[in-house]
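Working notes, structure below.
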Amino acid sequence: MEAEHEGMVLLDRILESDPAWSPKGSRADPYMGVDQWTKSWMWQHIRSFVLERDSHTCQICGDDAHEVQVHHIVWKSHNGSDHPRNLMVVCEHCHRQIHAKQVPLNMLY
């Protein structure tokens, strides 16, 4: 129960963009110090928030008819975080193009 409460507090700070909140960890990881269950729980809520914020619509091509995915603008492998400001909704086609570096970076911001 304590881990769930800690996860809820961290999640609230992330989603509200609390200016006093600063990511912990070497990779700006908001999950540092929480267990795997809490991390998964938080990610699902962050993902749902981003999908709702972006109206389940690809932010590159505007497609809202196909399955969409949540993309890290600054990739996790480049120390990107799960903060909503670093996430965007994209369709599968555009997601593949982004990772193949066929989408101009200025389209991602």
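In table form, for the structure just shown:
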read-out	value
Matching residues, region 51-88, being within 20 Å of LYS39 (Cβ to Cβ), touching an Asp or Glu at 6+ places or on another chain (Cβ under 9 Å) and modelled with pLDDT of 90 or more	GLN69, VAL70, HIS72, LEU87
Among residues of region 45-59, those that are among the charged types (D, E, K, R) and in a loop (DSSP other than H, G, I, E, B), counted	1
Residue match in region 89-104 (condition: among the polar types (S, T, N, Q), modelled with pLDDT of 80 or more and within 16 Å of the chain's Cα centre (by Cα))	no
Residue in region 60-67 that is touching a Leu at 6+ places or on another chain (Cβ under 9 Å), in a loop (DSSP other than H, G, I, E, B), touching a residue at least 40 places away in the same chain (Cβ under 8 Å) and farther than 16 Å from ILE46 by Cβ present	yes
Some residue of region 44-52 being among the hydrophobic types (A, V, I, L, M, F, W, C) and farther than 24 Å from GLN102 by Cβ	yes
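The values are calculated or read from the model by the stated rules, or taken from the named source; none is laboratory data. For clarity, every value in this text was computed on a predicted model and none was experimentally measured. In this analysis, Cβ positions are derived from the backbone assuming ideal geometry, glycine residues included, and neighbour counts consider all displayed protein chains.
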